[in-house]
1. Round to a whole number: what % of the accessible area of chain A belongs to carbon and sulfur, probe 1.4 Å?
2. If you check each cysteine of chain B for another cysteine whose beta-carbon is under 4.7 Å away, which ones come up empty?
3. Which of the peptides A:101-114, A:41-54, B:191-204 is most tightly packed, and how do the rest follow, going by the mean number of other Cβ atoms within 10 Å of each residue?
4. Label points 7 Å out from Cα along the Cβ direction at residue A:156 and residue B:124: separation in nm?
5. Looking for one value pair here: nearest-to-axis residue in chain B (by Cβ) for the rotation onto A, and the distance in whole angstrom.
6. I'd like to verify something in chain A: which complete DSSP H helices, judged by Cα projection on the helix axis, reach 15 Å or more and average at least -0.5 on the Kyte-Doolittle scale?
7. Taking every alpha carbon pair in the range B:1-138, what does the distance histogram look like in 10 angstrom bins from 0, in percent?
8. Dividing the alpha-carbon radius of gyration of the range A:99-216 by 2.2 N^0.38 Å (N being the number of residues), what value is obtained?
There are 2 protein chains.
Amino acid sequence: MSRAPSFEVVRVDPTGARLGRLTTPHGVVETPAFMPVATHGAVRGVTPRQLEELGATLVLSNAYHLAQRPGVETVRALGGVHGLMAWEGPILTDSGGFQAMSLGGLVRVDDAGVHYRSHVDGRRGTLSPEDAIAVQEAIGVDVAMSLDECVPAAASPAQVAGAVARTTAWAKRGIAARTRPETALFGIVQGGLDAALRAESAAAITALGFDGHAVGGLSVGEPASETARVAAGTVGLLPAGRPRYLMGVGTPGDLLRFVAMGYDLFDCVLPTRNGRNGTLFTRQGKLMIRNAAHARDARPVEDGCPCYTCARFSRGALRHLVLAGEMLGAQLATLHNLHFYLQLMREVRAALAAGSFPARAALAAGSWA
Amino acid sequence: MSRAPSFEVVRVDPTGARLGRLTTPHGVVETPAFMPVATHGAVRGVTPRQLEELGATLVLSNAYHLAQRPGVETVRALGGVHGLMAWEGPILTDSGGFQAMSLGGLVRVDDAGVHYRSHVDGRRGTLSPEDAIAVQEAIGVDVAMSLDECVPAAASPAQVAGAVARTTAWAKRGIAARTRPETALFGIVQGGLDAALRAESAAAITALGFDGHAVGGLSVGEPASETARVAAGTVGLLPAGRPRYLMGVGTPGDLLRFVAMGYDLFDCVLPTRNGRNGTLFTRQGKLMIRNAAHARDARPVEDGCPCYTCARFSRGALRHLVLAGEMLGAQLATLHNLHFYLQLMREVRAALAAGSFPARAALAAGSWA
């Protein structure tokens, strides 16, 4: 349980995609990898056993939310974040920068940190960059994220520049506050859609000796072409020997595209949120299970899919459960979608290992490729 | 798949409790048995695989609700009720009498049947006693219930007497409408809290040759002592060679009490509904997981309980999931509660087989006994 985190690039594809291996105190993560999202300590509607069976390795939670509820001391009393979640595999937590943006009026940011009013109990508090490290170390995450300032796509150039400077200052303070070498710590590059600011941020953050690097502040409302432009322009500025995490991305097609650029880690709420809304991912594209066309369709969501949902339930049955508001409908749709994402990443890794990327991975992505 | 339904009393205990075996087209049900409730075709939050692992055998659904949504022809197109639910074991459906009462203003009852206005799409329709049989045969249930008129505890003597007469008339019409001998058909005894009316109803219903008999119209708002008085007074009026089903009952203590009277089948929403509300059944009584006392408690809900929830999650973790509104909290609490009920019934059957009822069963029920 005390292995120092390490990352090994196993193979670099001619496309720029990398096959890698991230070793953490709670196990090895083969990369490229997709992280299911468990913001409050649970992937919505999915048991840890189901997550294991789906082949998830690294799961994303959120230290800011867990510190608000149930609180750091409670998480510690319950066996840390792994005990709380009943998940024995690796866990990465975001630290609060993105939440500070998404919680809007409840939060104010200055150089000291994130001043919040709790969405749980209304209490006011401040999360400094040192606190962000202390919280993540205390709850025992495998990969911690440095506190960053994340700004929306519509932010002014001055706001973006300010966020870059503050994120760098906070990164330095966070690194200086580390006490637990077995917790990997990743820095986050900001800079909005401005190539020069991205370069400035990347240079500053990568100079600090983080165990890995993330590109934040994308998928925050900008057009997809801008996401791709900035992601492509930034990836080469991140050290090749460390994992590269593109935060909050994306569709199955996005995963293929950004893997090909050389990103290793991804998270996104799409498979879980879309599942709850009755939107299923298939190689033929989105399947809206509420549509009347599926009412009497005895076929599975996706022919040949080995997931529990497709092995046991028809489209018509799933549609009925979703329309009836049955919890099971949301659970089954989420299971299928997570299977789709995790299977896609298995195909991506197999293709990279066999030298058949991106063709083989594109087959698994179908019309998403 | 065409075995005719049959019931065998394996052993009669000195208490009056019976160990039995109900054979249906989809498998054998060892009795006494508790049926998890899947009104709309799913036990809320529980996959069929989990139900199997919990040891459920017979599951209760509702033909009235399924006929409203997704509709009889849709259920047929999806492989019948077993295909819809992805449940390969036996299924019993209630036919609509209780729903006619519980849906209140949307329903009017006269001799022709139940005149409803659909709670799904507002359409008006009538469910006759013949329709009730036709629907249940068409969707392929293992045990069908005759259409009855169920009245609340506060009904007037004239209303209760009217419901008895109508339930008998409907029972005759339903029996005459049978076309599928492999579907077991149970009649329902009504009569409110009036011993004479119960006797009248039991005499009329049991004269008709049903495969089993149910006592309905209890657990509809009356005091528990009245439920027990009427259940005790009625059970001896039901043929000993056929299964006896006490509808809508009850707490773990109720199950022991009514098993001892000679009832064989039970259903109740308590384990599932209470689970969703964060109330857990344990041998020590109810555990309200939202209570602050559990916040940092690393023990399982119940020491020694082998259910998935207790094997993997602490009280504190479960409390966090429930307070955070995570679907997983409701799922885990429901799993534990169903395990408690189904394990209790396994202990009841083992005790009856070993001649150690009720002492051994009382141990499993703990403070509920």
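The values are calculated or read from the model by the stated rules, or taken from the named source; none is laboratory data. All values reported here derive from a predicted model rather than from experimental measurement. Here the Cβ is made from the backbone with ideal geometry for all residues, glycine too, and neighbour counts use every protein chain on show. Just so you know, the surface numbers come from the protein's heavy atoms only, side chains and all, with ligands and any DNA or RNA stripped out. Shrake-Rupley method; radii C 1.70, N 1.55, O 1.52, S 1.80 Å.
1. Details: 6840 of 12790 Å².
Carbon and sulfur: 53 percent of the exposed surface of chain A.
2. That list is B:150, B:268, B:307.
3. Details: A:101-114: 15.0, A:41-54: 21.4, B:191-204: 19.7.
Final packing ranking: A:41-54, B:191-204, A:101-114.
4. My value for the distance between the label points is 6.4 nm.
5. B:327, 3
6. Numbers: long enough: A:129-139 (16 Å, 0.27); A:157-176 (29 Å, 0.22); A:195-206 (16 Å, 0.80); A:224-235 (16 Å, 0.42); A:327-354 (40 Å, 0.59).
Flagged H segments are A:129-139, A:157-176, A:195-206, A:224-235, A:327-354.
7. Percent of pairs per bin, in order: 11, 36, 32, 18, 3, 0.
8. Numbers: Rg = 14.0 Å, N = 118, 2.2 N^0.38 = 13.5 Å.
That ratio works out to 1.04.
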